[in-house]
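What follows draws every value from the coordinates through simple rules; no lab data is involved. Keep in mind the model is a prediction, meaning the values are calculated, not measured. With ideal geometry, Cβ positions are generated from the backbone for all residues, glycine too; neighbour counts draw on all protein chains shown.
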Amino acid sequence: MSNLDGWFGQRILVTGGSGFLASHLCARLLELGAEVHATSRVVRKPEAGGPVWWQLNLTDIDSLRSLLKDVKPQVIYHLAGAAGAQPDLALVLPTLEGLVVSAVNVLVAGSEAGCGRIVMTGSLTEPAVGVPTPIPSSPYAAAKWTSSAYARMFHHLYRTPTVLLTPFMTYGPGQDQTKIIPSVILSLLRRQPPRLSSCLWEVDWIFIDDLVTAFLAAATVPQIEGVCVDIGTGTTRTVRSVVERIFFLMGEQTPPLFGMLPDRPSEPVRTADTIHAFERLKWRARFSLDEGLRRTICWYTTHAATGPV
């Protein structure tokens, strides 16, 4: 595949297909005519026009090898793994198994099967390149950092055709209700003032539709194997300013109740390298923050009115 018109009939495997990014990506691939296969740890009921579901634990490499032998995907999108940047000790072993072991298994099995491209995800919480003594801020950050290192190593040693994308703070329709943007929107729809921390963390926000377009490019742009690319807008906004923008767009007159909850331990402040993203993927973000927020608010308003979100 060399462009976005070449997806028809292509067999694509998306791990963790029910996740936020993965579900949007599957929908877009299906619209483009791809044959989409998706994995899940639990049984998923097939839906007309949806992906072919496979129940699979990615820590079981023999089952993964068997799946790749059956499906023979041209592209693997490895998107499985629970997200969450809490620094809890209880998350150390689950993230090691669910993120690191699953990523290494995908790399091993994909290399053995001769897959055409393996697209993996980094995390903006990973330690920045160039820090003298980098220390991850959470078990999740450590696991993603380790997985990213394995992806680079596999390309360097075994010529595995990996492409690593690092999405920045993604938001949009259908996101987990515990995330800041949907939680604030749903609180206002329910006429319940959201309880918030100080919300002073500065983040590079990226709308889900832009992120999906970048992931499509990661599988289609030629000769980018081995690269690591940031996916963001190149600008930061504090969480506080985004919350205030949601209040404004929803016509809420009362001010947000900041400082009601404790702040999480400090997170790194990073901005996406958009010049590198355009050079390698010929991609740049298209949606402004206001446009992305409007679309997100519209989706939650519609779905909250028609039943449980």
message: Output wanted: per-residue J couplings in Hz (rounded whole) for the stretch 114-126, from phi through Karplus 6.51 cos²θ - 1.76 cosθ + 1.60, θ = phi - 60°, x for Gly and Pro.
response: x, 4, x, 7, 10, 9, 10, 10, x, 9, 5, 7, 4
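Over the stretch 194-309, what is the relative contact order in percent, taking alpha-carbon pairs closer than 8 angstrom and at least six residues apart?
41 percent
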- line: If amide H atoms are modeled at 1.01 Å from N in the peptide plane, then the residues at a separation of 5 or more from residue 206, or on another chain, having amide H under 5 Å from its own are 169, 170, 171
- prompt: Which entry in (1) 138; (2) 157; (3) 121 is this structure's computed volume of the Cα convex hull per residue in Å³?
  reply: (1)
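Using DSSP to define loop residues, name the chymotrypsin sites (Phe, Trp or Tyr not before Pro) in the stretch 1-72 whose beta-carbon has at most 14 other beta-carbon atoms within 10 Å. Don't skip to the end; give the middle numbers.
Numbers: sites: 7, 8, 20, 53, 54; in loops: 7, 8.
Sites meeting the loop and neighbour criteria: 8.
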statement: Going residue by residue through the stretch 208-220, the Karplus relation 6.51 cos²θ - 1.76 cosθ + 1.60 with θ = phi - 60° gives ³J(HN,Hα) values, rounded to whole Hz and with x marking Gly or Pro, of 4, 5, 5, 5, 4, 4, 5, 5, 5, 5, 4, 9, 10
- request: Could you list 160, 271, 121, 302 in order of exposure, starting from the residue whose Cβ has the fewest other Cβ atoms within 10 Å?
  value: 302, 271, 160, 121
query: In whole percent, what relative contact order does the chain give with Cα contacts below 8 Å and a gap of six or more residues?
result: 16 percent
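Starting from the Cα gyration tensor of the stretch 135-266, multiply each eigenvalue by 5, take the square root, and state the resulting semi-axes largest first in whole Å.
35, 17, 11
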message: Quick check on the chain: helices-only [θ] at 222 nm, where DSSP H runs of length 4 and up contribute -39,500 (n - 2.57) each and the sum goes over total residues. Nearest 500, please.
response: -12000 deg cm²/dmol
task: Calculate one ³J(HN,Hα) per residue across the stretch 85-94 by plugging θ = phi - 60° into the Karplus curve 6.51 cos²θ - 1.76 cosθ + 1.60, and present them in order as whole Hz with x for glycine and proline.
output: 9, 5, x, 5, 4, 5, 8, 4, 5, x
- prompt: Percent of alpha carbon pairs in the stretch 1-167 separated by more than 24 Å?
  reply: 34 percent
